[in-house]
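One structure, as structure tokens, below. Some questions next.
The values are calculated or read from the model by the stated rules, or taken from the named source; none is laboratory data. A quick note: this is a predicted structure, and the numbers were derived from the prediction, not measured. Glycine gets a Cβ as well: all are built from the backbone with ideal geometry, and neighbour counts include every protein chain shown.
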Amino acid sequence: MTIEGRSCPLSYRIDPRQLGQGPAPVRESVYIIGGLYGNWTALTAIEALQQQEVAAGLVEPGLVFNGDFNWFNVDNSSFRLINETVLAHNAIQGNVEAELCAPSAGAGCGCGYPEWVDGETVTRSNAIMTRLQQASVDHGDMLGRLKQLPRQLALTVAGHRVQVLHGDPESLSGWQLALEAMPEPGQLTDRLADWFGLAGARIFACSHTCLPYMQDFDINGVRHLVVNNGAAGMPNFRGDRRGVLTRLSSRPSPVPVLYGTRLGALYCDAIPIDWDEQWDDWFASHWPPGSPAWASYRERFIRGPEHRPEDAVRLTGALNCCL
Ligand SMILES: [Fe+2]
């Protein structure tokens, strides 16, 4: 039986053998931004981080939006602001964008939620998706552009190929790169080794599962990384109301770092996104008590999830920095 929000539409399937076949343009510095979730105040904070880098004499990091940049942005102005801004940069679809521009029968929110996510949360996500779809009907031009976005892309940073994807290498909404699915630090699974081999990549940069972490893997004596930024537009740690993005650069970060590591000449860092408090009022006015987003996310916006930076650092190699 298909259950909305639990199932994974067939169209989401990715053939991992296609990884590694596309171009991987060289970038000196990029911000990988997964899960902005319509938080337009986070966008402003990200632009401020870029300017801090420029003020420090570095190149402006390129922005790569790693899917699910839509979610809470259900009024006309925020819907256009989010999508016009994101589409001016590199972006891939997440399951939210896939369901916005080409709804799959019975997919609900398209999140493909695993068993450890409770049923009420899944039901509320489907309701949020329905409201977002209703809000998007007046923006056919945007939906057409979202439909053209790829579902994965690759970059080269400091000589290393980086595979950017939303869920996992087999599905747009896959959870096999969730923290909960990872082997113990220092361990490797055959599946991960296969994926890295097929992608020819040293780093998988992913999102979708809403809890950030960074883990390294020794494959035939060569260090590889999976880095999941959690959510750019929602809090990620207990007692910390900030979002997180992944910074990949050939230069050390001039902006504050939560934790990070180096892969040869490449700096890989989790960067906090400190958005303006006006977000709280905006959220409350658009998703008031009784709404599905209030029920699912208000607590997270106030206190953050049950996750700590030390839970996110799963590195056996050198740690650059940890607040
Ligand atoms: Fe997602």
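For region 190-211, name all the residues that are in contact with a strand residue (DSSP E or B) (Cβ under 9 Å, 6 or more places away or on another chain) and more than 16 Å from the ligand (Cβ to nearest atom).
Leu192, Ala193, Trp195, Phe196, Gly197, Ala199, Gly200, Ala201, Arg202, Ile203
Does Thr209 satisfy the condition of being within 20 Å of Arg13 (Cα to Cα), modelled with pLDDT under 95 and of a type in the set (Val, Ile, Thr)? Before the answer, list the steps.
Working: within 20 Å of Arg13 (Cα to Cα): yes; modelled with pLDDT under 95: yes; of a type in the set (Val, Ile, Thr): yes.
Answer is yes for this residue.
Here is a follow-up. Among the residues of region 17-28, is any of a type in the set (A, V, I, L, M), in a helix (DSSP H, G or I), more than 15 Å from the chain's Cα centre (by Cα) and surrounded by fewer than 24 Cβ atoms within 10 Å (Cβ to Cβ)? Give the steps one after another, and end with the answer.
Kept after step one, since they are of a type in the set (A, V, I, L, M), are these residues of region 17-28: 19, 24, 26.
From what's left, in a helix (DSSP H, G or I): none.
No, every residue in region 17-28 fails to be of a type in the set (A, V, I, L, M), in a helix (DSSP H, G or I), more than 15 Å from the chain's Cα centre (by Cα) and surrounded by fewer than 24 Cβ atoms within 10 Å (Cβ to Cβ).
Out of region 43-86, which residues are touching a residue at least 12 places away in the same chain (Cβ under 8 Å) and β-branched (Val, Ile, Thr)?
Thr44, Ile46, Val59, Val64, Val74, Ile82, Thr85, Val86
Considering region 285-321 alone, what residues qualify as being in contact (Cβ under 8 Å) with a residue 12 or more places away in the chain and small (Gly, Ala, Ser)?
Residues satisfying the conditions are Ala293, Ala295, Ser296, Gly304, Ala312, Gly317, Ala318.
Here is a follow-up. Within region 212-229, is there a residue that is touching a strand residue (DSSP E or B) at 6+ places or on another chain (Cβ under 8 Å), surrounded by fewer than 18 Cβ atoms within 10 Å (Cβ to Cβ) and hydrophobic (A, V, I, L, M, F, W, C)?
no
Counting just the residues of region 178-217 that are in a helix (DSSP H, G or I) and within 20 Å of the chain's Cα centre (by Cα), which one comes out farthest from Glu306 (Cα to Cα)?
Selected residue: Ala199.
For region 135-180, enumerate the residues that are more than 15 Å from the ligand (Cβ to nearest atom) and free of Cβ contacts under 8 Å to residues at least 40 places away in the same chain.
Of everything in region 135-180, those that are more than 15 Å from the ligand (Cβ to nearest atom) and free of Cβ contacts under 8 Å to residues at least 40 places away in the same chain turn out to be Val137, Gly140, Asp141, Gln148.
Can you name the condition, by its number, that Val74 falls short on among (1) within 30 Å of Val257 (Cα to Cα); (2) part of a loop (DSSP other than H, G, I, E, B); (3) away from the ligand (no atom under 14 Å from the Cβ)?
(1)
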